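Step one of this worksheet: look at the structure below.
The values are calculated or read from the model by the stated rules, or taken from the named source; none is laboratory data. None of the values given here were measured: they were computed from a predicted structure. We place every Cβ from the backbone using ideal geometry, glycine too, and count neighbours over all the protein chains shown. Note: areas computed on protein heavy atoms with side chains; ligands, DNA, RNA excluded. Shrake-Rupley method; radii C 1.70, N 1.55, O 1.52, S 1.80 Å.
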Amino acid sequence: MDYIFEGFKQALYLLFNADGSVISAIKTTLLSSSVSIFLALIVGFPLGFALGFFQFKCKNFIKLIVDTSLSFPTVAVGLILYALISSRGPLGEFALLFTIKALILGQFILALPIIIALFSNLIENMNVKHFLLIKSFHLSPIKLILTILYELRFALVSIVALAYGRIVAEVGVAMIVGGNIKYDTRTITTAISLETNKGEFASGIALALVLIFIAFCLNFIIHKLKRIK
């Protein structure tokens, strides 16, 4: 057990002394995940609203595709993305492979189906009386949509937190398309995997503590919002 306590001791030392490799992995994780979740929200909310609110042909098939994409292994997504953006792929000319942009793109692809699927289900399962009450105000289409979003704001935060939690904690895409380059594309999860395999237990613990702290903050926000509601 001594090596575990010693590992925690060294981990705290690395964090409090702002070790360069640890801080770099944290910054890369927060940057890539924040940008990717922002882009996923911009694209996912309108698509999720349309999928849940309107009735149209092939709706059930599209929902099936979106729901299926939720269970895609991250390594499979990373492999497909690697084939697309590698030098021999159709997007190779953009030189995205092993860059922060590739990380953001991969995390965006992971977060998007979560937001679309959960938001569309949220719209579909909205209380009918509540919806009819909002509709009775005879608002313009834009105001109607904004009002619905406002009424569902607490549930929306939970969806965002869930999507953000997945992309922060994933390894497959970050490792394959990011390349795990130190001080550049290395994220918290890829750094934990590498440092642990190298026997650098303290660095792995330090980054794991940061990851747990991020998860705690996300759940703390959700808990507080539910109490406000």
Out-of-range pairs (alpha-carbon distance over 32 Å; input LYS63/LYS198; LYS27/LYS198; LYS63/LYS129; LYS182/LYS224; LYS57/LYS129; LYS59/LYS143): LYS63/LYS198; LYS182/LYS224
If you count only protein heavy atoms with a 1.4 Å probe, what accessible area per residue comes out for segment 70-114, rounded to a whole Å²? 55 Å²
How about segment 34-142: which trypsin sites (Lys or Arg not before Pro) there are in a DSSP loop, with at most 12 other Cβ atoms within 10 Å of their Cβ? LYS57, ARG88
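Give the shape of the chain as rounded, prolate or oblate, defined through the alpha-carbon gyration tensor: a ≥ b ≥ c are the square roots of its eigenvalues, a/c under 1.5 means rounded, and otherwise the shape is prolate if a/b is larger than b/c and oblate if not. List each step's numbers first, then the result.
Details: a/c = 2.79, a/b = 1.60, b/c = 1.75.
Oblate, because a/c is 1.5 or more while a/b does not exceed b/c.
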Keeping all protein chains in place and using 1.4 angstrom, which order do LEU132, LEU211, LEU30 fall into by accessible surface area, from largest down? LEU132, LEU30, LEU211
Using protein chains only and a probe of 1.4 angstrom, how many square angstrom of MET175 are accessible, to the nearest 10? 70 Å²
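How large, in percent, is the carbon and sulfur part of the accessible surface of segment 174-228 at a probe radius of 1.4 Å?
65 percent
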Those chymotrypsin sites (Phe, Trp or Tyr not before Pro) from segment 8-39 that are DSSP loop and have at most 12 other Cβ neighbours within 10 Å turn out to be none
Using protein chains only and a probe of 1.4 angstrom, how many square angstrom of ASP19 are accessible, to the nearest 10? 50 Å²
Specify the inter-centroid distance of segment 54-68 and segment 117-144, based on alpha-carbon positions, in whole Å. 19 Å
Please list 75-87, 156-168 highest first by mean number of surrounding beta-carbon atoms within 10 Å per residue. 156-168, 75-87
With -39,500 (n - 2.57) per DSSP H segment of 4 or more residues and division by the full residue count of the chain, the 222 nm estimate, nearest 500 deg cm²/dmol, is -26000 deg cm²/dmol
What size of dipole, in debye to the nearest 20, comes out for the chain about its Cα centre when the only charges are +1 on Lys and Arg C-beta atoms and -1 on Asp and Glu C-beta atoms? 960 debye
